[in-house]
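The structure appears below as structure tokens.
The values are calculated or read from the model by the stated rules, or taken from the named source; none is laboratory data. Worth saying up front: this structure is predicted, and the values here are computed from it rather than measured.
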Amino acid sequence: MPTTEQSAELDPGKLEQFVFRAVDEVGATLNAALVVMGDKLGLYRALADAGPMTPVELARRSDVSERYVREWLNAQAAGGYV
């Protein structure tokens with residue numbers, strides 16, 4: 001007797017939830033490296049000590065290249081950390 005294969009029905013809502021969860025997990029993983037970087041470079045400490053400042057001010061205060069500080073701040077702001 002021939003067999004017939006039936007494909008499973010996909011629930012679009014559950015699939016969407018899964019995809020968003022997976023993307024969130026990847027984002028969290030990538031941000032973990034930025035948190036370690038911010039800690040090791042003293043960026044969080046500088047912000048805590050001096051309060052809000054521009055990327056230029058933070059770069060000078062922490063002795064880190066402004067370019068890297070700006071990129072770090074953009075990522076931190078996008079994640080809602082600063």
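A single entry from 28, 48 fulfils the requirement of being small (Gly, Ala, Ser) and either within 19 Å of the chain's Cα centre (by Cα) or not in a helix (DSSP H, G or I) (or both): 28.
When the stretch 1-25 is limited to residues that are assigned to a loop (DSSP other than H, G, I, E, B) and at pLDDT 85 or above, the one that is nearest to residue 76 (Cα to Cα) turns out to be 11.
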